[in-house]
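Engineer: I have a structure I would like to understand better, so I am pasting it below and will then ask my questions one at a time.
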Amino acid sequence: MNNKFDALKDDDSGDHDQDQGSPKDGEKEKTEDEDKEQSISKKKMVVPGAGEHPLQYNYSFWYSRRTPGRPASTQSYEQNIKQIGSFASVEQFWRFYSHMIRPGDLTGHSDFHLFKEGIKPMWEDDANKMGGKWIIRLRKGLASRCWENLILAMLGEQFMVGEEICGAVVSVRFQEDIISIWNKTASDQSTTARIRDTLRRVLNLPPNTIMEYKTHTDSIKAWEDFHGLVNASGGR
Amino acid sequence: MTLVSRMEVSRRRILQKHLEPARPLRRCIHVDIEPEINAATCAQTLMEVMDQETNVDIEQFYKIISLHKQKEGRISYTRAFLIGLASCPEARKKPEFLPEHPIVLTKARDPEQLKFKESMWNGEKGDMCWMIFGQTQCDISIKLSH
C-alpha cells in the first residue's frame, strides 16, 4: 500500500495528490471558499499600475504543502492550498516573485502554482476539467531555473495557443522535482503539440527528455482508485 | 482605399519590412508595444502591397487581416524583456497585500539570480540568448527566433 501511495504521490505534479478529504467534505469547503472568493473579487480586481507593462491575463500565485504528521486522507487539498496574491502587470509579478522563496529552496512535499486569475489549481475547476497537463521530471537542482523559464514563457504569451493555457505548477518532491503546465482541452492535439514544442524551446530540453501528457480525468481516476482501495481496506 | 493614399511614405517602409513573405506575421508584435503599428495600419499596408504587387483575392486578403488582428491582440514579451524589468524599482517593491507565510520573504530577493548578458538582448535584431548567471554550460542558453 505504501508503495502505491508513494507512486501516486510522485506522479502527481502539484495537484490533489492524496491530500483530499471525502468528496462531501470537498464540496462543502468549495462552497465556502467560493463565497469568500466572490466577496474578495467584488472588493478589488487587480489592475496594472500607471506606466506598468500589462500582461495578457491576470494571474495568481498559490502555494501548497502537505503537512507532515497528519494522515493525508483527512486533509483537504483546498485547505492546504494558499493563495499568495494576484497581479496584472510585469512589475507586479516581479514584486511577488522576488518576495517568495525559489522552488529549489523549498523543503518537503510542496508546490508553487501560478494560474490565471479565476482558475483554481484544481482538476475540478471548470477551466481544467476537460484539460490535462504536460509533465517534466527534473533532477534536483534544476527546479528554480526551469520554473522561472516556464512561467516567464507563460506570462509573456510565448505558447501561442490562444486561451488554452490555464497555469503552471512546480512540485518539490523527495528525490525529484516536477514542473507541469496545464491546458483547457486535453483532446486538442494541435494545441498540446504546440505546448510541448514551446516547452522544449523555452526550457531548452535535451532531445531525449521524457515528456508526459496526462489528462485530468486520468488523474482523478487514479486518485479515486487509490482512495477506493483505502476505503475498502477500512482506512476511513 | 482613400486611407492608403494618406499614409506616410516612411511608415509604409517600416510596415513593409514586416511583410516580407519569408518572415512570420508575428513580427508585427514585438517586445515593445508599438501603438503606431496596429492591426489597422498593417492591414492598410497589406491592402496596398497586395494590390500593387500580387493578385490576392478578397478572401485571402481578409484571412491575412484576421490573422494579424488575432496576433495583434496578444500582449507578448520575451524572457529577456521580462527579466530586464525585474531590477527596476517598481518590481522590487513589496506587494501591498502579502500574506505572512514561511515561503514569503520580508525583503526582496537579490535580483542577481536573474542576471543575464545585456549584450545578448540589446537591440531587437537577431537571435536572443537566454542566460542565467551562475551557470556557464551552454545548455542553459536558449535561442529565440524573433
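Engineer: Taking the stated definitions as given, is A:Phe96 modelled with pLDDT of 75 or more, in a helix (DSSP H, G or I) and at the interface with chain B (Cβ under 9 Å from one of its Cβ atoms)?
Structural biologist: So A:Phe96 fits the description; yes.
Engineer: For segment A:172-192, what are the residues that are open to solvent by less than 30 Å² (accessible area, probe 1.4 Å) and more than 14 Å from chain B (Cβ to nearest Cβ)?
Structural biologist: Scanning segment A:172-192 gives A:Arg173, A:Asp177, A:Ile178, A:Ile179, A:Ser180, A:Ile181, A:Trp182, A:Asn183, A:Ala186, A:Thr191, A:Thr192.
Engineer: Another question, then. Report, by residue number, each residue of segment A:183-195 that is of a type outside the set (D, E, K, R) and either in contact with a helix residue (DSSP H, G or I) (Cβ under 7 Å, 6 or more places away or on another chain) or assigned to a loop (DSSP other than H, G, I, E, B) (or both).
Structural biologist: Within segment A:183-195, A:Asn183, A:Thr185, A:Ala186, A:Ser187 qualify.
Engineer: Would you confirm, using the coordinates I've provided, whether A:Met100 is within 17 Å of B:Leu105 (Cα to Cα) and surrounded by 19 or more Cβ atoms within 10 Å (Cβ to Cβ)?
Structural biologist: yes
Engineer: Another question, if that's okay. Only one of these is of a type in the set (Asp, Glu) and over 25 Å from A:Gly85 (Cα atoms): A:Glu176, A:Glu117, A:Glu148. Name it.
Structural biologist: A:Glu176
Engineer: If I go through segment A:138-155 residue by residue, how many of them are open to solvent by 20 Å² or more (accessible area, probe 1.4 Å) and either within 11 Å of chain B (Cβ to nearest Cβ) or closer than 24 Å to A:Asp188 by Cβ (or both)?
Structural biologist: 3
Engineer: Of the conditions (1) part of a helix (DSSP H, G or I); (2) open to solvent by 10 Å² or more (accessible area, probe 1.4 Å), A:Val161 fails just one. Which one is it?
Structural biologist: Result: A:Val161 fails condition (1) only.
Engineer: Of the residues in segment B:75-97, how many are facing chain A (nearest Cβ under 7 Å) and either at pLDDT below 85 or open to solvent by 50 Å² or more (accessible area, probe 1.4 Å) (or both)?
Structural biologist: 5
Engineer: Report yes if some residue within segment A:196-216 is charged (D, E, K, R), part of a strand (DSSP E or B) and surrounded by fewer than 22 Cβ atoms within 10 Å (Cβ to Cβ); otherwise report no.
Structural biologist: Checking segment A:196-216: at least one residue is charged (D, E, K, R), part of a strand (DSSP E or B) and surrounded by fewer than 22 Cβ atoms within 10 Å (Cβ to Cβ).
The values are calculated or read from the model by the stated rules, or taken from the named source; none is laboratory data. The structure displayed is predicted, hence computed values, not measured ones. Please note: Cβ atoms are built from the backbone with ideal geometry, for glycine as well, and neighbour counts cover all protein chains shown. For the accessible areas, the whole protein counts, side chains as well, though only heavy atoms, and no ligand, DNA or RNA atoms are used. Shrake-Rupley method; radii C 1.70, N 1.55, O 1.52, S 1.80 Å.
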